[in-house]
């Protein structure tokens, strides 16, 4: 796979340079590129094959392995502020690749990263698809799940680091409703589609409603599917149609014909 060397990433502050490996589909396409940001278990657990097939014809698709994942360098720690660190790395990678105003499609942790990037710099991104995102920092219903990942001998090192980081995020939260966006999600100005599973086990009671209430309305909206934590792999056809219609509103034309 191709790679880009960056001088610095806050996910590996003691290393320089850092080689970030990425998937690159149709790199010479003229359409607005889509950058997929994987979740906390890495790209291979929830791959975007069905999305590449639909959207990769006339758009460049770039999928970086964040530091700590896939073919990018491993890490020994994953601090509780890893979403912010990953956002900084993502901006560095996009700049190094010369990718301007892409569509960000983030899954789970990748969705948090995408939304935070859009809040920080609305003019940098054409649109956001935030799939299986998280709103509350504190996840009491998932605590046993994270602990089981840590105790499971079959868990990879990054999965264990990721679970510990999420437990620390919850411990640092000021209240049960403390959110990842510091109460600023209503300031979102990038066209955004929030994609979520109605049976997502990582979603706390009331969390999805709180997220929807915080969204600013147009240009943001929410689409709910009858599935769990990975709509793009569990209900790919429905998700692709919905995302396709959303992207067609951005002065584009649909890829999926009814």
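What does the helix-only formula give at 222 nm for the chain: each DSSP H stretch with n ≥ 4 adding -39500 (n - 2.57), the total divided by the residues, and the result rounded to the nearest 500 deg cm²/dmol?
Value at 222 nm, helices only, nearest 500: -10000 deg cm²/dmol.
Ranked highest first by average number of other Cβ atoms within 10 Å, how do 74-87, 96-109 line up? The partial results should precede the final answer.
Numbers: 74-87: 18.0, 96-109: 20.0.
Highest to lowest by the protection proxy: 96-109, 74-87.
Report the extension gain between residue 141 and residue 186 in nm, rounded to one decimal, defined as 0.36 nm multiplied by the number of residues separating them, less their alpha carbon distance.
Full extension from residue 141 to residue 186 adds 13.6 nm.
Counting every Cα pair in the chain, what percent are over 33 Å apart?
13
Listing 43, 181 from the residue with the fewest other Cβ atoms within 10 Å to the one with the most, what is the order?
Fewest-to-most ranking of 43, 181: 181, 43.
Output the antiparallel fraction of DSSP beta bridges having both residues in the range 1-92, as a percent to the nearest 5.
So the antiparallel bridges in the range 1-92 amount to around 75 percent.
None of the figures in this text is laboratory data; all of them are computed from the coordinates on show. Fair warning: this is a prediction, and the values are worked out from it, not measured in the lab. As a convention, Cβ positions derive from the backbone with ideal geometry for all residues, glycine included, and neighbour counts pool all protein chains shown.
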